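This report refers to the structure that appears directly beneath it.
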Amino acid sequence: MTQRVALATVMDQLSIDAVITGYAVAVDDGAWQDYRDLFTPEGRADYRGAGGVEGPAAEVAQWLAETMRLFPVRQHLVVNRRIALQDLGGYPGDRAEVQADYLNPMRLQGTPDGGGAAPPDTVAPNFVSGGRYAFGLVRTEAGWRIHSVTVHEKWRTLSGSLTAG
């Protein structure tokens, strides 16, 4: 591998990493247009492994926008990213596979009994899940984009209401 190819590979890895980070930030911030823009036009998302839906990214973004209303506070921590670039005989190709583990703490809206907004001194129940994402990315004229993402939830927990001290 030449230095030029090595540099191109590093640049691809950094660009792909930025897409994965952008994905987590878009979901956490509820930036659904940003979420859609990270995908290719034919991109798909599969959240069935976490109790969700599967389909075109634009449709899944609509589902996420509705579902995430239940969780006004969310923070995806995406770690242990393993990027595998397509290898074309020692040169990077235009496809990549990424496996990345996630920890996703979220705060449920409302009171533990399902009532409206929680009083100021009450912390609503927390929902935390962990698992692994499998991303398929392709290089486009606009840069790297997600062609597919599949969520494999490994665990989840729901903790009760806490009173702030």
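The values are calculated or read from the model by the stated rules, or taken from the named source; none is laboratory data. These numbers come from a predicted model, not from an experiment. For neighbour counting, all protein chains shown are included, and Cβ atoms are generated from backbone atoms with ideal geometry for every residue, glycine included. Just the protein is used for accessible areas: all its heavy atoms, side chains included, with ligands, DNA and RNA removed. Shrake-Rupley method; radii C 1.70, N 1.55, O 1.52, S 1.80 Å.
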Cα gyration tensor category, rounded, prolate or oblate, for the stretch 1-52 with a/c compared to 1.5: prolate
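Determine the share of the stretch 48-104's accessible area contributed by carbon and sulfur atoms, expressed in whole percent, with a 1.4 angstrom probe.
Values: 1710 of 3310 Å².
The C+S portion of the solvent-accessible surface of the stretch 48-104 is 52 percent.
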0 to 90° range, to nearest 10: angle between helix 3-29 axis and the chain longest Cα axis: 20 degrees
Amide H partners (placed H, <5 Å) of residue 91, local residues excluded: none
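If you take every residue apart from residue 36 with its C-beta less than 14 Å away from the C-beta of residue 36, what net charge results, scoring Lys and Arg +1 and Asp and Glu -1?
Values: positive: 44, 145; negative: 29, 34, 37, 42, 59.
Residues near residue 36 contribute -3 overall.
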Stretch gain in nm, segment residue 157-residue 5, where the contour uses 0.36 nm per residue and the Cα spacing is subtracted: 50.3 nm
HN-Hα J in Hz across the stretch 138-152 - Karplus 6.51, -1.76, 1.60, θ = phi - 60°, x for Gly and Pro: 9, 7, 10, 4, 8, x, 5, 9, 7, 8, 7, 9, 10, 9, 10
Highest-fluctuation residue, 69, 107, 36 considered, GNM on the chain with Cα pairs under 10 Å: 69
Degrees separating the helix 57-67 axis from the principal Cα axis of the chain, which is the longest one: 20 degrees
Per residue solvent-accessible surface (Å²) - the chain, probe of 1.4 Å: 56 Å²
Solvent accessible area, Å² - residue 103, 1.4 Å probe, full protein context: 70 Å²
Overall form of the chain per C-alpha gyration tensor (a/c, 1.5; a/b vs b/c): prolate
Accessible-area value, residue 138, 1.4 Å probe, nucleic acids and ligands omitted, Å²: 20 Å²
The chain - percent relative contact order, Cα under 8 Å, separation 6 or more: 22 percent
Accessible-area value, residue 71, 1.4 Å probe, nucleic acids and ligands omitted, Å²: 20 Å²
